[in-house]
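Here the structure comes first, spelled out in structure tokens, and everything after it is commentary.
The values are calculated or read from the model by the stated rules, or taken from the named source; none is laboratory data. These numbers were taken from a predicted model, which means no experiment stands behind them. Neighbour counts are summed over all protein chains in view; Cβ atoms, including those assigned to glycine, are modelled from backbone coordinates with ideal geometry.
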Amino acid sequence: MALRLTSPSTRNTVHFLLRTSIPTAQPHVISAGRDLVRCQRLFRIRTMATAPTSSGRKYEWLVVIPDYPGVQQKRVEIRPQHFENMKPFVESGQWKMGGAILTEVPPDDEPSSLKFAGSTLITIAENKEEILDVLRNDVYAKHGVWDLDKVQMWPLKCAFRNP
């Protein structure tokens, strides 16, 4: 079976030829993202981003999400909605720490004075796909602030924490 995966943001296409017993007359076309995750689970496709974690164990992850260029005003406008929507993740303990990445030290803490470059997050998750599912549903992703094609994630072993 042939698969053609197309990134919605970059329009890059990757072609896969899978050996499977499932008959098909046409290539399946799926978009990157949730469809790719579903396809990976269905056909047990494994990429570097889908390497399994040990026995479904939850772990801390450091996540860095860059902003698209030129989205400063949009980010500031929807920031209150982003803060409201993240409350369940913070209150449940799934999100341990998060905040904006800035391009320079601001003169004050007013949102209009901040020069945003992206966001960072420490979260608890089983794997990268679980994190991406949450990020894709965030208002920053839905309104084109976060560039999820450039998100970076690493398992994190924290050596210390201060209040």
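Return the residues of the range 101-144 that are closer than 22 Å to residue 59 by Cβ, of a type in the set (S, T, N, Q) and without any contact (Cβ under 8 Å) to a residue 60 or more places away in the chain; say none if nothing qualifies.
119, 120, 137
Just to verify a result, which residue in the range 137-163, among those that are assigned to a loop (DSSP other than H, G, I, E, B) and among the acidic types (Asp, Glu), is surrounded by the fewest Cβ atoms within 10 Å (Cβ to Cβ)? Break it down into steps so the answer makes sense when it comes.
Our first condition is that a residue be assigned to a loop (DSSP other than H, G, I, E, B); within the range 137-163, this holds for 137-138, 143-145, 147, 151, 156-163.
Keeping just the survivors that are among the acidic types (Asp, Glu) gives 138, 147.
On the way: 138: 20, 147: 18.
Filtering first and then ranking leaves 147.
Would you call residue 83 in the same structural domain as residue 60 (by TED's automatic domain parsing), aromatic (Phe, Trp, Tyr), more than 24 Å from residue 58 (Cβ to Cβ) and not in a loop (DSSP other than H, G, I, E, B)?
In short, yes.
Identify the residue in the range 55-74 that is assigned to a strand (DSSP E or B) and aliphatic (A, V, I, L, M) and, among all such residues, is surrounded by the fewest Cβ atoms within 10 Å (Cβ to Cβ). Reasoning before the result, please.
Initially, the range 55-74 is screened for residues assigned to a strand (DSSP E or B), giving 59-67.
Next cut, aliphatic (A, V, I, L, M) only: 62-65.
Values: 62: 17, 63: 22, 64: 15, 65: 23.
Among those residues, the one meeting the criterion is 64.
Could you tell me whether residue 77 is out of contact with any Cys (no Cβ under 8 Å at 6 or more places or on another chain), in the same structural domain as residue 146 (by TED's automatic domain parsing), part of a helix (DSSP H, G or I) and within 17 Å of residue 135 (Cα to Cα)?
Here the answer is no, as residue 77 does not meet what is asked.
Step by step: first the residues of the range 110-136, then only those that are more than 13 Å from residue 65 (Cβ to Cβ) and within 9 Å of the chain's Cα centre (by Cα), then the one that is surrounded by the fewest Cβ atoms within 10 Å (Cβ to Cβ). Which residue is that?
Step by step, filter the range 110-136, then rank; the result is 133.
Give the residues of the range 84-93 that are within 16 Å of the chain's Cα centre (by Cα) and surrounded by fewer than 16 Cβ atoms within 10 Å (Cβ to Cβ), sorted by residue number.
85
Take residue 96 and decide whether it is loosely packed, with under 14 Cβ neighbours inside 10 Å, in contact with a Ser or Thr (Cβ under 9 Å, 6 or more places away or on another chain) and either over 23 Å from residue 130 (Cα atoms) or modelled with pLDDT of 95 or more (or both).
Values: loosely packed, with under 14 Cβ neighbours inside 10 Å: no; in contact with a Ser or Thr (Cβ under 9 Å, 6 or more places away or on another chain): yes; either over 23 Å from residue 130 (Cα atoms) or modelled with pLDDT of 95 or more (or both): yes.
Here the answer is no, as residue 96 does not meet what is asked.
Only one of (1) under 17 Å from residue 132 (Cβ atoms); (2) at pLDDT 95 or above; (3) outside any strand (DSSP E or B) fails for residue 119. Which number is that?
Against the list (1) under 17 Å from residue 132 (Cβ atoms); (2) at pLDDT 95 or above; (3) outside any strand (DSSP E or B), residue 119 comes up short only on (3).
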